[in-house]
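Just so it is clear, none of the values below were taken in a lab; they were calculated from the coordinates. Predicted model, so just to flag it, every value in this text is computed and none were measured. Cβ atoms come from the backbone with ideal geometry, glycine included; neighbour counts cover every protein chain shown.
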Amino acid sequence: MTQIIDSTELDFCDVLFKPKRTTLNSRSEANVIREYKFKYYPHTLNSCGIIAANMATTGTFEINNVLQKYQAITCLHKHYDFNNEENRKYLIQNYQQNQNAYTFVSTGLKDDKEKLFAILSDKEFPIDKLCIDIANGYIPKLIEFVREVRTNFPHLLIMVGNVVTGDMTQDLILNGADIVKVGIGPGSVCTTRKLTGVGRPQLSAILECSDAAHGVGGLVCADGGCTCAGDVAKAFGAGADFVMLGGMFAGTDEAAGELIEKTVQTNLLCDGVLVTKKEKYKQFYGMSSQLAQEKHFGGMACYRASEGKVVEVPYKGSAESVIQEILGGIRSTMSYIGARRLKDIAKCTTFYRVNRQLNEVFGKS
Ligand code: 5GP
């Protein structure tokens, strides 16, 4: 019989942090770098926990170059060919220069397994962080694949997704994942909820999955739905260990894609003529969009339908300003709730459930 889960499911916009008495006098006392320890990966990683999504537009070498300065991670998109000399050289140099590189390579399930295993076994190719990424993390083949990769590469840092419930989070961890990626449908260019009716509000998904993961020694990465620094802080507040961002890094200099210039009409008149101005945009597309399928797979398979859209994001300048704003926002959240360390955010979090998140008296900012 059809069942209905009747408890309230929450998104980032449904809550605000309760400010608390704090021992921090300034946000500069908040430490946003956490020392991560993992269930299987035998090394520690010092990071701010922010990850650029492995989308063709944001999982780029250029974004990686900027983010690693802030100890933030980039999940490279899976269309980089590492048999290509230049791509190979980039990663090898990157790993040589950074004792513990902030770079994951990505794979799906349909990608060439032999090629992936050859790269991971290549002694000259130092990659030790892998993201196994499929839209529906509930299919049995995923668990089998995770188990196989873990058995063959016991020292790899493995992140796997995506799911939104505790049971599957634990299954993935117990079968070899260090980090489980959480989120079905919250992405800024995702249309899964519209096309399939499947999904879960992201804050509730993070709350349940992080609790389940921590219980069996694993970690979670909240993936999708963050639109501003406050959302990133709320994801950490709900228990996320890492937060993955696509749309927030889209539109930057380092994101892939042409800069599009448009002339738009303002409502200002000059000598009886409406004044025009130039606006800049960059294209950003979902990895299941028709455009992505055409660009990277030579067309959409007939049994599939597009679960992503294509948008033009206003040009934002360097990714450096985006990561600085995010880290500044998180530090400030920490000083409001009394969290000295990134890891303490969840412990110090009490959320108010709200019916209006932003004060937009003078319009949106
Ligand atoms: P954002 O930070 O833009 O809100 O979300 C980024 C996440 O959206 C990605 O990491 C990925 O999980 C998800 N995503 C990217 N492209 C697509 C797509 O075409 N369809 C769906 N369903 N999700 C996508």
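Partner aspartates and glutamates whose Cα lies under 20 Å from the Cα of Lys277, excluding those fewer than 8 positions away in the same chain, are identified as Glu258, Glu261, Glu312. Comparing Cα centroids, the range 39-75 and the range 140-185 end up 18 angstrom apart. When the range 1-89 is described by a simple charge dipole with +1 on each Lys and Arg Cβ and -1 on each Asp and Glu Cβ, the residue from Ser26, Cys48, Asn83 located farthest towards its positive end is Ser26. Calculated FRET efficiency, Asp211 to Asn100, Cβ-Cβ distance, R0 = 25 Å: about 0.35 to the nearest 0.05. With a cut-off of 19 Å on the backbone N, the residues of the range 316-336 near the modelled label site 7 Å out from Ser28 along Cα-Cβ are 324-336.
Under the simplified labelling scheme, the Met300-Ile92 pair shows an inter-label distance of 4.1 nm, with each label point 7 Å from Cα along Cα→Cβ. From most to least packed by mean Cβ count within 10 Å, the peptides 293-301, 326-334 give 326-334, 293-301. Summarising the amide proton neighbourhood of Gly137: residues at separation of 5 or more, or on other chains, whose placed amide H is nearer than 5 Å comprise Asn162. Which residue, Leu142, Leu195, Leu76, tops the fluctuation ranking in a GNM of the chain built on C-alpha contacts under 10 Å? Looking only at Leu142, Leu195, Leu76, the largest GNM fluctuation is found for Leu195.
Projecting label points 7 angstrom from Cα along Cα→Cβ for Asp167 and Asn84 puts them 4.2 nm apart.
Averaging the Cα positions of each part gives two centres, and for the range 83-126 and the range 213-249 these lie 25 Å apart. For the chain, build the charge dipole from Cβ charges (+1 Lys, Arg; -1 Asp, Glu) around the Cα centre, then report which of Leu120, Leu327, Ala346 sits farthest towards its positive end. Toward the positive end, the furthest listed residue is Ala346. Length gained on full extension, Leu259 to Cys228, computed as 0.36 nm times the residue gap minus the Cα-Cα distance: 8.9 nm. Annotation for Gln3 and Ser332: the two label points, set 7 Å from Cα along the Cα-Cβ direction, are 4.3 nm apart.
Counting only DSSP H runs of at least 4 residues, each contributing -39500 (n - 2.57), and dividing by the residue count of the chain, the helix-based mean residue ellipticity at 222 nm comes to -9000 deg cm²/dmol.
Taking a threshold of 21 Å on the Cα-Cα distance, which of the pairs Lys20/Lys181; Lys89/Lys295; Lys39/Lys343; Lys129/Lys234; Lys234/Lys343; Lys278/Lys316 fall above it? List each step's numbers first, then the result.
Details: Lys20/Lys181 30 Å; Lys89/Lys295 24 Å; Lys39/Lys343 17 Å; Lys129/Lys234 26 Å; Lys234/Lys343 13 Å; Lys278/Lys316 14 Å.
Too far apart for the 21 Å limit: Lys20/Lys181; Lys89/Lys295; Lys129/Lys234.
Phi angles across the range 214-226 convert, under the Karplus curve 6.51 cos²θ - 1.76 cosθ + 1.60 with θ = phi - 60°, into 3J(HN,Hα) values of 5, x, 10, x, x, 10, 10, 10, 6, 10, x, x, 7 Hz, Gly and Pro given as x.
When only the Cβ of Lys, Arg, Asp and Glu is charged (+1, +1, -1, -1), the dipole of the chain relative to its Cα centre reaches about 820 debye.
Fully extending the segment from Lys39 to Ser321, taken as 0.36 nm per residue of separation minus the present Cα-Cα distance, adds 98.2 nm. In this calculation the C-beta distance from Lys18 to Lys194 is compared with R0 = 45 Å, giving a FRET efficiency of 0.85.
Rounding to the nearest 20 debye, state how big the charge dipole of the range 259-313 is about its Cα centre with +1 on each Lys and Arg Cβ and -1 on each Asp and Glu Cβ. Write out the running numbers ahead of the final one.
Values: 8 positive and 6 negative charges, 25 e Å.
Once rounded to the nearest 20, the dipole reads 120 debye.
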